[in-house]
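These notes concern the structure reproduced below.
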């Protein structure tokens, strides 16, 4: 292994760990009531700072540098500022995209700061430099939560026209989550033919409902959501497989 490959792999794994901290703090541990409070009270909402503190603490724990506290403090401030700005913006897909782009750029910047400021080896390198572990973790977190929100935002404008018959609460959310988990698992296992089987199985299950309802708008709405879900999971799997081919320290 060349010194250059070692230099490149450590920041990549660090970035993935910090990205996991953001995904877990913003999408898994943040309650919907916190978002409502932030939208209503803006910078005065205590939940805004609670969420920023959770992300900062997760970033500190996952950084691998427990003695470094200045950078997690910066993460707290930057995260709170970005979320405060978002609270004043309308609830639109472009705002969500800009918000996440801001957090992503902040994560890149923080990774660079760690590389510049830290001259000590990472704690427990066998754990923290495990590219496979962190890539798998980030991939599953991505397809389970953020992608569901992105798909919902992208299809929102067609939801009212789809004339859907009421079903189980949040059933569509969990169906989409499970299908993306399965697709990602099939890609990691190298079972690409199983993805085609999953597409066929879902089509058969949906065919009866679509034929009986005779609602073309609902059919197209379901098809768009399904294709977005499948595409997002497949692209995540491809990116993850590419990352797993990077040299590991």
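Bear in mind these aren't lab numbers, they're just calculated from the coordinates by the rules spelled out. Remember, predicted model here, so these are calculated numbers, not experimental data. Using ideal geometry, Cβ is built from the backbone for each residue, glycine included, and neighbour counts are taken over all protein chains shown.
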Rounded to the nearest Å, what's the spacing between the alpha carbon centres of the stretch 107-125 and the stretch 9-80? Just the number, please. 17 Å
Would you report the distance distribution of C-alpha pairs in the stretch 32-134 as whole percents per 10 angstrom bin, up to the bin with the largest distance? 14, 41, 29, 15, 2
Return the FRET efficiency for the residue pair residue 120, residue 77: r is the Cβ-Cβ distance, R0 is 25 Å, and the value is rounded to the nearest 0.05. 0.55
In degrees rounded to 10, the 0-90 angle between helix 171-189 Cα long axis and the longest Cα principal axis of the chain is 60 degrees
How large are Rg and Dmax for the chain when calculated on the C-alpha trace, in angstrom? 20.3, 65
For the peptides 72-83, 227-238, what is the packing order when you average, over each peptide's residues, the other Cβ atoms within 10 Å and list the highest mean first? 72-83, 227-238
Please compute the length gained on full extension between residue 170 and residue 67, using 0.36 nm multiplied by the number of residues separating them and subtracting their Cα-Cα distance. 32.9 nm
The chain, helix-only ellipticity at 222 nm - DSSP H runs n ≥ 4, -39,500 (n - 2.57), divided by all residues, nearest 500: -25500 deg cm²/dmol
